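The values are calculated or read from the model by the stated rules, or taken from the named source; none is laboratory data. Since this is a predicted model, take the numbers as computed values, not measurements. Neighbour counts are summed over all protein chains in view; Cβ atoms, including those assigned to glycine, are modelled from backbone coordinates with ideal geometry.
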Ligand SMILES: *Cc1c(COP(=O)(O)O)cnc(C)c1O
């Protein structure tokens, strides 16, 4: 059967496929240390589960408005005002089946053939595919480890052409964990306003932020920036709710309306029960989040220290999210057990096969001199996994 060209151009998510491979080995009884995970290893807090159970009992099992229930949209409006200093009307909020779906809707209504979208690298894999699915051209702009993988105004300026329409900013970042400061965002914002470039600001890791770093939404920096920005957020990462599939966008009204109209013909509303649970996630106690953040900090610190102690490995201390992104440039070209390591993809193969450790090679994010380790796994796993990685990286020939 002939597939549409569009289908042929999609690459499956490499992060999900490595995760799947590791899970398959685990199912076969092999003890795999999985650093590939892209979700918190904590359970959804009890108060949130109870809200969902109550919603089922109360018959909240029917279609809801396409863009989300009034209760959830009001809770989101309140959250954006309190946490981010952003004032929106409920009509500017669109709730979708996860932030990934919100991003998809945004690219679909904002981009068309001939448009260029600036994508700072290392980037989260789905941005690249979603840009292409919208018919636009991704313009990948590499950032540097020395600058904590953050885009500078100069780098931004030189990537802009008359066709530039959108930029994606993801802070805290997956995969690097980098957090932009208020000043850095203001400097980028100045260039973006000057060229009238729309900003898709993916703030899904907002709550997973460490060392007193402050999360700043670029939309909050000026009315002009707010008019240009689509804010994307959700409960998946902040409340350990990846399986519930609730994300949302806040946007200028015509954009929000277009996203809701698009959604009305694809998925309709997100799950009614998960929406009720998300109201509790946003309005209920945030104790579980605090515990999760404290645990993530411990794990991150341990990992960064262990990685930097391995000769040839350079690892920044990320300010947010739950990933570290070490670089192994100076080790490339050497071999392990006869296998030449020319990039992190080769290392990932060796680690999974010989050491039963799953990592995500940087090739998935546009930079194969680095790899991503998630610390959304237990401290015992982290210790054991790093022992194994160290064994390989210290015995390259
Ligand atoms: C996890 C993730 C998302 C999507 O989360 P959902 O589960 O779809 O809400 C979006 N952006 C980034 C960078 C992520 O890592």
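Which residues, counting only those in segment 190-213, are away from the ligand (no atom under 16 Å from the Cβ) and touching a strand residue (DSSP E or B) at 6+ places or on another chain (Cβ under 8 Å)? Matches in segment 190-213: 192, 195, 197, 198, 210, 213. For segment 140-195, a tally of residues being outside any loop (DSSP other than H, G, I, E, B) and either over 22 Å from residue 126 (Cβ atoms) or touching a helix residue (DSSP H, G or I) at 6+ places or on another chain (Cβ under 9 Å) (or both) returns 31.
The set of residues in segment 18-35 being farther than 20 Å from residue 245 by Cβ and at pLDDT below 85 consists of 18, 21, 22.
Taking the listed residues 137, 49, the one that is farther than 25 Å from residue 174 by Cβ, out of contact with any helix residue (DSSP H, G or I) (no Cβ under 6 Å at 6 or more places or on another chain) and either away from the ligand (no atom under 15 Å from the Cβ) or assigned by TED's automatic domain parsing to the domain that holds residue 218 (or both) is 49, with no other qualifying. In the set (1) within 16 Å of the ligand (Cβ to nearest atom); (2) assigned to a loop (DSSP other than H, G, I, E, B); (3) surrounded by fewer than 24 Cβ atoms within 10 Å (Cβ to Cβ), the condition left unmet by residue 237 is number (3).
All told, residue 216 falls short of being out of contact with any strand residue (DSSP E or B) (no Cβ under 6 Å at 6 or more places or on another chain) and part of a helix (DSSP H, G or I). Restricting attention to segment 329-341, does a residue exist that is under 26 Å from residue 170 (Cα atoms) and in contact (Cβ under 8 Å) with a residue 60 or more places away in the chain? Within segment 329-341, none of the residues are under 26 Å from residue 170 (Cα atoms) and in contact (Cβ under 8 Å) with a residue 60 or more places away in the chain.
Please go through segment 24-53 and give me each residue that is in a helix (DSSP H, G or I) and within 18 Å of residue 388 (Cβ to Cβ), ordered by number.
Scanning segment 24-53 gives 25, 26.
Within segment 61-68, can one find any residue that is outside any loop (DSSP other than H, G, I, E, B), surrounded by fewer than 17 Cβ atoms within 10 Å (Cβ to Cβ) and at negative phi?
Initial filter on segment 61-68 (outside any loop (DSSP other than H, G, I, E, B)): none.
No, segment 61-68 contains no residue that is outside any loop (DSSP other than H, G, I, E, B), surrounded by fewer than 17 Cβ atoms within 10 Å (Cβ to Cβ) and at negative phi.
Can you report the number of residues in segment 36-85 which are in contact with a strand residue (DSSP E or B) (Cβ under 7 Å, 6 or more places away or on another chain) and modelled with pLDDT under 95?
Of all residues in segment 36-85, those in contact with a strand residue (DSSP E or B) (Cβ under 7 Å, 6 or more places away or on another chain) come to 36-38, 67-68, 72-73, 76-77, 80.
Okay, now just the ones that are also modelled with pLDDT under 95, so 36-38.
Residues that pass the stated criteria total 3.
Being free of Cβ contacts under 8 Å to residues at least 40 places away in the same chain and within 15 Å of the ligand (Cβ to nearest atom) is the filter here, so list the residues in segment 81-127 that pass it. The one that is free of Cβ contacts under 8 Å to residues at least 40 places away in the same chain and within 15 Å of the ligand (Cβ to nearest atom): 104. Taking segment 376-397 only, how many residues are outside any loop (DSSP other than H, G, I, E, B), more than 16 Å from residue 39 (Cα to Cα) and either in contact with a strand residue (DSSP E or B) (Cβ under 9 Å, 6 or more places away or on another chain) or without any contact (Cβ under 8 Å) to a residue 60 or more places away in the chain (or both)? Within segment 376-397, residues that are outside any loop (DSSP other than H, G, I, E, B), more than 16 Å from residue 39 (Cα to Cα) and either in contact with a strand residue (DSSP E or B) (Cβ under 9 Å, 6 or more places away or on another chain) or without any contact (Cβ under 8 Å) to a residue 60 or more places away in the chain (or both) number 10.
Take the conditions within 23 Å of residue 296 (Cα to Cα), surrounded by fewer than 23 Cβ atoms within 10 Å (Cβ to Cβ) and more than 16 Å from the ligand (Cβ to nearest atom) and apply them to residue 181. Does it pass? Working first, answer last.
Values: within 23 Å of residue 296 (Cα to Cα): yes; surrounded by fewer than 23 Cβ atoms within 10 Å (Cβ to Cβ): yes; more than 16 Å from the ligand (Cβ to nearest atom): yes.
Yes; evaluated as a whole, the condition is true for this residue.
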